[in-house]
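Enquirer: Sending over a structure as C-alpha cells; questions will come in a sec.
The values are calculated or read from the model by the stated rules, or taken from the named source; none is laboratory data. All values derive from a computational prediction rather than experimental measurement. Here the Cβ positions follow ideal geometry from the backbone for every residue, glycine too, while neighbour counts run over all protein chains shown. Side chains are part of the model used for accessible areas, which takes the heavy atoms of the whole protein and leaves out ligands, DNA and RNA. Shrake-Rupley method; radii C 1.70, N 1.55, O 1.52, S 1.80 Å.
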Amino acid sequence: MRALVKTEAGPGLSLLDVPEPVPGINDVLIKVRRTGICGTDLHIESWDPWAARTINPPLIVGHEFVGEVVEVGSNVTDLHPGDIVSGEGHVICGRCRHCRAGRWHLCANSIGLGVGRDGAFAEYVVLPVTNVWHHWPGIDEEVAAIFDPFGNAVHTALSFPVLGEDVLVSGAGPIGLMAVAVARHAGARYIVVSEPNEYRRTLAERMGATVVVDPRERDLADVQADLHMVEGFDVAMEMSGNPAALRSAIANMAHGGSVAILGIPTAEISLDVNEIVFKMLTLRGIYGREMYETWYKMTVMLQSGLDITPAITHRFSFRDHAAAFAVARSGDSGKVIMDWTA
Ligand code: NAD
Ligand code: ZN
C-alpha cells in the first residue's frame, strides 16, 4: 500500500510502498478514505525538537481520518466490512488506575496514532476496536475525517458551561475555529476571537464569532468596553499556545471565570498568579478527547444543526502531500484534507 513515512531522523516525509498492516484478534483493518493534517504532522514533517525527542522512525504519520472497515479480528463482533469509521488517536493502556476506573482519557500511558505507532496517512490503518468510532450513515466524509481535532474543540468548549456566558477564544487555527461554532451552538452570548492572522479572523466570523480582534492592534479591554461587558470574560479557551495570549486571557477574565487551556506552548510561560488568586479563576488543561463522551457529543451536535464545514478550506490528493503540507503550514488555511481514494 501507499503510505506517507518518516523514514529517518530529519526533515521530510516520503510517499512509499509498504506492507499492509495485519489486524490482531481485537483489531479493525480500515481502508482510509480521507485524512486531515494536524499541527503534530507538521512538527513531525519539519523534525522540530519535539519530534526529534518523540518520534522513532520509520513511522507512518497521521491520525485524523475517516475510512471503511475491510476486516475485523476474531474477537470483534460489532463492526462489519463497509462500516464508515474514524479512530480515536490515543490508544490507552487499559491497565492503569484511570483506565480501570473507566476514565480512559486520563490514561497515563496512552500511545498516539501516527506518533508512537503507525498512523493513518496510508491506504490502510489498523486500530484496536475500542478506538474505532462508527459514524451514522450519510455523514459528510470530510467532517468525519476531522473528528479528532473537532473532538479537541468540543472537549475544550464544553469543559465549562457557556450558555449565556461571554467567551474568549484565543487562536483561530482549525481547532479554535471549530470551538467558536461549538460555543455558539451551546448558547454563548458573546464570542470574542483573538487571532493575528487575517484569513483566520475572517473564517472565525463565519464560524459565529461576535467580534474578531488582532491582538497586536487592539486590547481586549477595548473590545469589552465596545460590547458593554462589565466584569470580563466568563470562559476563555486558550487555543494558540502563545504566552501573550494566555496572559491577556487571564488579565481579561471576570471574577470566578474559567480558562480551558488546549494550546501547547513551546516553552515555559510566566503568569501573574495574583490575578488567578484574587479573581478566583479556574484553569484547566485539556488533552485529547473524552472517550467516548466527546465523540457522542460531536455526533449529536452535528445532528442538531452544528456546522463546522467552513473550517475546512483545502483539499488535495494524497499524491500532492507536499502542497497540502505547505498550505497547512502557511497559516492561510483552516483544515486541510487529503483524499486517499483518488
Ligand atoms: P494552529 O497552530 O493552527 O493555531 C494556533 C493559532 O493561534 C494560529 O492561527 C496563530 O496565528 C494564533 N496565534 C498566535 N499568536 C497568537 C496570539 N498572541 N493571540 C491569539 N492567537 C494567536 O493550531 P490548531 O491546530 O488550531 O491547534 C491549536 C493549539 O492546540 C495548538 O497550540 C496545538 O498545538 C494545540 N493542540 C492541543 C491538543 C491537545 O490535546 N491539548 C491537540 C491538538 C492541538
Ligand atoms: Zn491507562
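Enquirer: If T35 satisfies all but one of (1) in a loop (DSSP other than H, G, I, E, B); (2) touching a His at 6+ places or on another chain (Cβ under 9 Å); (3) within 28 Å of A322 (Cα to Cα), what's the number of the condition it fails?
Expert: Of everything listed in (1) in a loop (DSSP other than H, G, I, E, B); (2) touching a His at 6+ places or on another chain (Cβ under 9 Å); (3) within 28 Å of A322 (Cα to Cα), T35 misses just condition (1).
Enquirer: Same structure, new question: If we keep just the residues of segment 35-70 that are crowded, with 18+ Cβ neighbours inside 10 Å and of a type in the set (D, E), which is nearest to M338 (Cα to Cα)?
Expert: E64
Enquirer: Being open to solvent by less than 70 Å² (accessible area, probe 1.4 Å) and near ligand 1 (Cβ under 9 Å from one of its atoms) is the filter here; which residues of segment 215-241 pass it?
Expert: If the condition is that a residue be open to solvent by less than 70 Å² (accessible area, probe 1.4 Å) and near ligand 1 (Cβ under 9 Å from one of its atoms), then P215, E238, M239, S240, G241 are the ones that fit.
Enquirer: Tell me the strands (runs of 3 or more DSSP E) entirely within segment 105-181 that contain at least 2 residues that are assigned by TED's automatic domain parsing to the domain that holds C38.
Expert: Ranges flagged: 124-128, 132-134.
Enquirer: Mind listing just one residue for me: the one in segment 25-34 that is more than 13 Å from K335 (Cα to Cα) and in contact with a strand residue (DSSP E or B) (Cβ under 8 Å, 6 or more places away or on another chain) and, of those, surrounded by the most Cβ atoms within 10 Å (Cβ to Cβ)?
Expert: The selected residue is I30.
Enquirer: Also: Do the conditions hold for S248, that is, is it hydroxyl-bearing (S, T, Y), away from ligand 1 (no atom under 13 Å from the Cβ) and surrounded by 17 or more Cβ atoms within 10 Å (Cβ to Cβ)?
Expert: It is false that S248 is hydroxyl-bearing (S, T, Y), away from ligand 1 (no atom under 13 Å from the Cβ) and surrounded by 17 or more Cβ atoms within 10 Å (Cβ to Cβ).
Enquirer: Would you confirm whether any residue within segment 84-92 is farther than 17 Å from I30 by Cβ, β-branched (V, I, T) and either surrounded by 12 or more Cβ atoms within 10 Å (Cβ to Cβ) or within 16 Å of ligand 2 (Cβ to nearest atom) (or both)? Step through it out loud before you land on a result.
Expert: Of the residues in segment 84-92, the ones farther than 17 Å from I30 by Cβ are 92.
Retained after the next criterion (residues that are β-branched (V, I, T)): 92.
Now drop any that are not either surrounded by 12 or more Cβ atoms within 10 Å (Cβ to Cβ) or within 16 Å of ligand 2 (Cβ to nearest atom) (or both), which leaves 92.
Yes: one or more hits.
Enquirer: Scan segment 106-114 and give yes if some residue there is in contact (Cβ under 8 Å) with a residue 40 or more places away in the chain, more than 16 Å from ligand 2 (Cβ to nearest atom) and surrounded by fewer than 18 Cβ atoms within 10 Å (Cβ to Cβ), otherwise no.
Expert: no
Enquirer: Sort through R315, R284 and tell me the only one that's under 30 Å from A342 (Cβ atoms), open to solvent by 50 Å² or more (accessible area, probe 1.4 Å) and outside any loop (DSSP other than H, G, I, E, B).
Expert: R315
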